[in-house]
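A short write-up of the structure that comes next.
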Amino acid sequence: MCGIVGFTGQENALPILMKGLYSLEYRGYDSAGIAVFTDDGLQVVKTKGRIANLEEKLHEAGNPSSTCGIGHTRWATHGGPSDRNSHPHLGGRDGKVAVVHNGIIENYLFLREQLEKHGYEFQSETDTETVAHLIDFLHKGRQQEDLAQTVLTALSLLRGSYALGVVSMEDSREIVAARRDNPLIIGLGEGENMIASDITAIISRTRRYIILDDNEVAVVRPERVTVYNQLGDVVDKPVQEVSWDLSAAEKGGYAHFMLKEIMEQPRAVADTVRPRIQDGRIVFEDNGLTDERLRETEHIHIIACGSALHAGMVGQSVIESMGRVRCSVSVASEFRYTDPIVKEKDLCIVISQSGETADSLAAMRQAQAEGAFTLAIVNVVSSSIARQADGVLYTWAGPEIAVATTKGYSAQLAALYLVAAKLALARGLMDEAEERSFCEALLELPESIHKMLEDVGTVQYLASKYTNRSSVFYLGRGLDYAAALEASLKLKEISYVHSEAYAAGELKHGTISLIEDGTLVVALATQKRLFEKTVSNIREVTARGAEVILVTTEDFDGDVSACRCVIRLPACLERFAASLSIIPLQLFAYYVAVERSCDVDKPRNLAKSVTVE
Ligand code: F6R
C-alpha cells in the first residue's frame, strides 16, 4: 500500500528520497512522485508506473537539488493510476503546499465541493488533493498560524484515515507529518530527520525513530522534531531503536526476497519458539495470557486476513484439539460488520504480519470494546496492532519484504502452537511430561523445515512441468485444508495461475465438474486418521483425468500409484504438519511464478501492508 518518505537535513534530499522510495516498493504501488524545494518554488515530479519511470522523469527535469522534500509511492484507491493522480498534490492556485497521503479521506467529496465554491480547481480525482487545497485554504485565512496549527485544524475537518506529509513554501526546511489509523514513523538522525511509512525507508540513515500515534502532528526540522497532540500540546515521545540489521532487508544473493524468506523459515520458526521454551517448559513473556485467563476463557476468536487467516485456521484446529475451547476464525473485514457475539470472558487473537492491516485493527478494537481480551500475534514490532492489543506475542521472523508472506506465516503457526499448548496446560489437559515432549517436538521443527528446503530440485522440476496449467486445485481435510488454502493463495497471488483450494470431501458437491484430462490437483494428506478418506478423493479426481501431486508423511502406506509425484514430510508431530507441507508448495508457487516471468516480489495489484478497508 502507499508509502511515504520525507527528508530534511544538510545533504541533497533527492537521492535519499529515491532510496527511501525504492525500499518502500515492496509495500505495493502503481505510481510514484516527489516534491522538493527549489529556487523557483516547490517542484513536483510524479508519474504513473515504477520508480524507474520517476527516475527518468527526474533526469529530464534536471534532478532538482534540495535539502528537504517528500516522496510517495501510490496504490490507487480514489482515481486510477495516472500521472495526475500520483502524489504529491499541490494545494492552492500558486501551489504553495504539497501533500503526500496514505489512507482514505471519507468526506472528500463534500470538502471538494466546498473548496470548489471558493474557486479551487482540482487537477486529479484523488481524495488527497482535497487535503492539499484545504490546508492552503485554512492557512490563507489564518496568516498568523504556523503550518502545524493549520494542519491540526484541517485534520479536525477530515473523516477517514491518513498518514500525511506536508510541506509549504513558507519554510523550506520543515515537514509537517500527521497520522490517524495509518502508520508513520519519524527517523532521528544527526542534523537531519526523516518521516516514513516504515523502518525500511530510514534504516540506511538512522536506527533511531519515534512512532507517531493517532491524531498527533509532528513538525520535523533538521535540528529537531516536535510532536503535538490534538489540543496542540507538546508530547514527549519515547525513542525506539531498530532491532535488525540493514542486511536483513536486503536480498543477500538470492534472486528474490521471496526465495530468501522461504529459506529463512527454519530461523524464523526457531527465533519465535526458542526464547519461549526454557528447560522443556513454555515460558511466555508478559503478554496477559495468564493461567487464570486461559482457564476462564469461554470462546476464542481468531481474526485475520489472507495468509494470516489461513494460519489462524491451522491454529483453530490445534487449539480446539489441545485446549478443548471453542474457537472460531473470522475474516477481519467480515467480523467488523456481522455484529459478532463477543463476551468478556472471550479471548480474541488477532494475527497480522505487518500489524497495520486496517480491517484486523478495526476488528480488534471492536472486540476490545465488547470487553474481550485481545492478544496480537504480530511480526512488526511496535506496529499499530501490537501497540493497541492487550497483549502481544511477537513472531520473530524479521523484516518480510516480498509481498507474499512465507516466513511470517510459518512464524505465526509456531506462535499458535505455543498458545495451544499454554491453553492445554492451564486447563489441565497437558501434564508436565507431555509439555516436555511437545516442546522437544517444537524445537525440532526448524530442522524438519530445513530438510523440506533441501529438495528444491524436485519442486523446480514440477514447476517447469506444470507452469502452463490454467488452473490448479488443492485438496485437503482438516489441517490439510487450511494448508491447502495457503498453498493455493501462494500460487495464484504471485504466478496469476487460477487456483482453488477445496476441503477434499466437498469437491464432489460441484467443483469436480471442473476436473478434466490433465487438470493439476495437489492433494495434502498428513493426518493419519484421514489418509483413507483423502485417498478416496484422489481416486475421484484421477478417474476424471487429473494429474495428482501428493504431499504426505513418511508413514503414509496407502496406494500412491495414481499420483504423478509424492512429496514426503519428515517425521513430526501431526499437529505441526502444516508447517512442513507448505514448504514445497511455497517453492512450487515461487518457481511457477519465475517460469512465467512474473514480478515475484511485487505481484500486480497487491500491497504488503493493507492499511485501507
Ligand atoms: C499473502 C499475504 C496476505 C496477508 C494479508 C494480511 O501472501 O501476504 O494475504 O497475509 O494481507 O496481512 P497481515 O498479516 O500483515 O495482516
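The values are calculated or read from the model by the stated rules, or taken from the named source; none is laboratory data. Predicted model, so just to flag it, every value in this text is computed and none were measured. As a convention, Cβ positions derive from the backbone with ideal geometry for all residues, glycine included, and neighbour counts pool all protein chains shown. Surface accessibility is based on the protein's heavy atoms, side chains included, excluding ligands, DNA and RNA. Shrake-Rupley method; radii C 1.70, N 1.55, O 1.52, S 1.80 Å.
In table form, for the structure just shown:
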read-out	value
Residue identified as loosely packed, with under 14 Cβ neighbours inside 10 Å and more than 23 Å from Ser382 (Cα to Cα) among Glu285, Glu298	Glu298
Per-region count, segment 226-269, residues touching a strand residue (DSSP E or B) at 6+ places or on another chain (Cβ under 9 Å) and either among the β-branched types (Val, Ile, Thr) or open to solvent by less than 70 Å² (accessible area, probe 1.4 Å) (or both)	11
Residues within segment 370-407 that are of a type in the set (Ser, Thr, Tyr), open to solvent by less than 10 Å² (accessible area, probe 1.4 Å) and in a loop (DSSP other than H, G, I, E, B), tallied	3
Qualifying residue in segment 530-539 (condition: in contact with a helix residue (DSSP H, G or I) (Cβ under 6 Å, 6 or more places away or on another chain), more than 16 Å from the ligand (Cβ to nearest atom) and open to solvent by less than 10 Å² (accessible area, probe 1.4 Å))	yes
Hits in segment 28-43 (condition: more than 14 Å from Ser172 (Cα to Cα) and surrounded by fewer than 24 Cβ atoms within 10 Å (Cβ to Cβ))	Gly28, Asp30
Residue in segment 408-422 that is hydrophobic (A, V, I, L, M, F, W, C) and open to solvent by 10 Å² or more (accessible area, probe 1.4 Å) present	no
Failed item in (1) buried (at least 24 other Cβ atoms within 10 Å of the Cβ); (2) part of a strand (DSSP E or B), with Arg173 passing the rest	(1)
First in segment 260-271 and part of a helix (DSSP H, G or I), second anywhere and of a type in the set (Lys, Arg), Cβ under 7 Å, 6 or more apart	Lys260/Lys251; Glu261/Lys407; Gln265/Lys407; Ala268/Lys407
Of residues in segment 307-325 being among the small types (Gly, Ala, Ser), buried (at least 24 other Cβ atoms within 10 Å of the Cβ) and over 10 Å from Val350 (Cα atoms), the one farthest from the ligand (Cβ to nearest atom)	Gly315
Check on Asp517, outside any helix (DSSP H, G or I), open to solvent by 40 Å² or more (accessible area, probe 1.4 Å), closer than 15 Å to Ala577 by Cβ and in contact (Cβ under 8 Å) with a residue 24 or more places away in the chain	no
Matching entry among Ser464, Ser410, Ser448 (being in a helix (DSSP H, G or I), within 16 Å of the ligand (Cβ to nearest atom), under 29 Å from Met263 (Cβ atoms) and not aliphatic (A, V, I, L, M))	Ser410
Condition check for Ala402: in contact with a helix residue (DSSP H, G or I) (Cβ under 9 Å, 6 or more places away or on another chain) and within 10 Å of the ligand (Cβ to nearest atom)	yes
One residue from Leu453, Leu429 being outside any helix (DSSP H, G or I), open to solvent by 10 Å² or more (accessible area, probe 1.4 Å) and within 26 Å of Ile277 (Cβ to Cβ)	Leu429
Segment 291-306, subset under 20 Å from Leu479 (Cβ atoms) and touching a Leu at 6+ places or on another chain (Cβ under 9 Å), residue farthest from the ligand (Cβ to nearest atom)	Ile300
Residues located in segment 562-578, provided they are hydrophobic (A, V, I, L, M, F, W, C) and part of a loop (DSSP other than H, G, I, E, B)	Ala562, Cys563, Ala571, Cys572, Leu573
Residue ID - surrounded by the most Cβ atoms within 10 Å (Cβ to Cβ), chosen from residues in segment 326-362 that are modelled with pLDDT under 95, away from the ligand (no atom under 16 Å from the Cβ) and of a type in the set (A, V, I, L, M, F, W, C)	Val342
Which listed residue is open to solvent by less than 10 Å² (accessible area, probe 1.4 Å) and of a type outside the set (Gly, Ala, Ser), from Val560, Val522, Val566	Val522
Residue that is nearest to the ligand (Cβ to nearest atom) [pool: residues in segment 571-613 that are surrounded by fewer than 23 Cβ atoms within 10 Å (Cβ to Cβ) and small (Gly, Ala, Ser)]	Ala607
Output for segment 384-399, where each listed residue is within 12 Å of Gln265 (Cα to Cα), more than 14 Å from the ligand (Cβ to nearest atom) and not aromatic (Phe, Trp, Tyr)	Gly398
Residue check, Glu25 of a type in the set (Asp, Glu), free of Cβ contacts under 8 Å to residues at least 60 places away in the same chain and surrounded by fewer than 24 Cβ atoms within 10 Å (Cβ to Cβ)	no
Segment 28-64: number of residues that are free of Cβ contacts under 8 Å to residues at least 40 places away in the same chain and not acidic (Asp, Glu)	16
Members of segment 114-152 that are of a type in the set (S, T, N, Q), farther than 23 Å from Ser31 by Cβ and in contact (Cβ under 8 Å) with a residue 24 or more places away in the chain	Gln149
Scope segment 96-123; condition at pLDDT 95 or above and among the small types (Gly, Ala, Ser); matching residues	Ala98
Selection count where residues are over 21 Å from the mean Cα position of the chain (by Cα) and open to solvent by less than 30 Å² (accessible area, probe 1.4 Å), scope segment 195-225	7
Filter pass, Ile104 being surrounded by fewer than 22 Cβ atoms within 10 Å (Cβ to Cβ) and β-branched (Val, Ile, Thr)	yes
